[in-house]
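Student: Attaching a single structure in structure tokens format; questions to follow.
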Amino acid sequence: MRKITVLGSIAVAMFLLATAALVLAGLHDKLAPADVIVVPGNTILPDGTPSPRLRARLDVALKQFQQHRAPRILVSGATGKEGFDEAASMARYLQSRGVPASAIVEDNQGWTTDATARNAAALMRTHGWKTAMVATQYFHVPRFRLALERAGIAVSGNVHAPYFELRDLYSVPRETVGYAVYYARP
């Protein structure tokens, strides 16, 4: 029984250390030039506009665009339960803040982080773009970087959306498990 308790304590400690490492990595922005900033989708409100969480992602990408770190923004999402195309809503939001339509690339088949990464890689290859910057929530940065790198994208930088909510208490440990699953896959 004591051996099980010790092993359980070690497993919990390792999980907590891994979680802390992912959070710290996600909070550490790496500012670097890129061919495109990739923003994964998230919840759209019933009125068709991005949720506060998604607006925070878009705002941090917009800031990088305005600071000329990348000449374009790729928005990726799908049609959620609300019935709105996330990518189209994200594009409208960016356009309303001065980003020209010609600088926005929409991927409306980004159902998952993996799908967004594969779609972004295909679009980037089509256009001859080599590097991407990630713009998402701090807890999602490591897994999204890994997904893009596995899809053949050179991730030059990342920024986290300065948005924190109670839901993070669920999202952070979930991302620790998600990262481990992504990492373990071939």
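The values are calculated or read from the model by the stated rules, or taken from the named source; none is laboratory data. From a predicted model like this one, the values you see are computed outputs, not experimental measurements. Counting neighbours? That spans all protein chains shown, and the Cβs are built from the backbone with ideal geometry, glycine included. For the accessible areas, the whole protein counts, side chains as well, though only heavy atoms, and no ligand, DNA or RNA atoms are used. Shrake-Rupley method; radii C 1.70, N 1.55, O 1.52, S 1.80 Å.
Student: Considering only the range 65-101, how many residues are over 22 Å from L148 (Cα atoms), among the hydroxyl-bearing types (S, T, Y) and touching a residue at least 12 places away in the same chain (Cβ under 8 Å)?
Tutor: 2
Student: In the set V75, V60, V38, which member is buried (at least 20 other Cβ atoms within 10 Å of the Cβ) and in contact with a Leu (Cβ under 6 Å, 6 or more places away or on another chain)?
Tutor: Result: V38 is the single residue among V75, V60, V38 that is buried (at least 20 other Cβ atoms within 10 Å of the Cβ) and in contact with a Leu (Cβ under 6 Å, 6 or more places away or on another chain).
Student: Against the condition without any contact (Cβ under 8 Å) to a residue 12 or more places away in the chain and either surrounded by 20 or more Cβ atoms within 10 Å (Cβ to Cβ) or not in a loop (DSSP other than H, G, I, E, B) (or both), how does V172 come out, does it pass?
Tutor: For V172, the condition - without any contact (Cβ under 8 Å) to a residue 12 or more places away in the chain and either surrounded by 20 or more Cβ atoms within 10 Å (Cβ to Cβ) or not in a loop (DSSP other than H, G, I, E, B) (or both) - is not met.
Student: Open to solvent by 20 Å² or more (accessible area, probe 1.4 Å), polar (S, T, N, Q) and farther than 21 Å from T43 by Cα, is that true of T112?
Tutor: When the stated conditions are applied, T112 does not pass them.
Student: T43: open to solvent by 10 Å² or more (accessible area, probe 1.4 Å), modelled with pLDDT under 95, of a type in the set (S, T, Y) and within 23 Å of T176 (Cβ to Cβ), yes or no?
Tutor: So T43 fits the description; yes.
Student: Within the range 20-54, work out how many residues are in contact with a Ser or Thr (Cβ under 8 Å, 6 or more places away or on another chain) and assigned to a helix (DSSP H, G or I).
Tutor: 3
Student: Can you find a residue in the range 150-165 that is among the hydroxyl-bearing types (S, T, Y), open to solvent by 10 Å² or more (accessible area, probe 1.4 Å) and in a strand (DSSP E or B)?
Tutor: Yes, the range 150-165 contains at least one residue that is among the hydroxyl-bearing types (S, T, Y), open to solvent by 10 Å² or more (accessible area, probe 1.4 Å) and in a strand (DSSP E or B).
Student: List the number of the failed condition for V105; all other conditions in (1) part of a helix (DSSP H, G or I); (2) open to solvent by 10 Å² or more (accessible area, probe 1.4 Å); (3) touching a residue at least 60 places away in the same chain (Cβ under 8 Å) hold.
Tutor: Unmet condition: (1).
Student: Being small (G, A, S) and either surrounded by 19 or more Cβ atoms within 10 Å (Cβ to Cβ) or out of contact with any Pro (no Cβ under 7 Å at 6 or more places or on another chain) (or both) is the requirement here; does A120 meet it?
Tutor: It is true that A120 is small (G, A, S) and either surrounded by 19 or more Cβ atoms within 10 Å (Cβ to Cβ) or out of contact with any Pro (no Cβ under 7 Å at 6 or more places or on another chain) (or both).
Matching residues to (1) assigned to a helix (DSSP H, G or I); (2) over 20 Å from G178 (Cβ atoms); (3) among the aliphatic types (A, V, I, L, M); (4) modelled with pLDDT under 95:
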| residue | (1), (2), (3), (4) |
| --- | --- |
| F15 | yes, no, no, yes |
| L58 | yes, yes, yes, no |
| Q64 | yes, yes, no, no |
| H68 | no, yes, no, no |
| G83 | no, yes, no, yes |
| A87 | yes, yes, yes, no |
| Y93 | yes, yes, no, no |
| A115 | yes, no, yes, no |
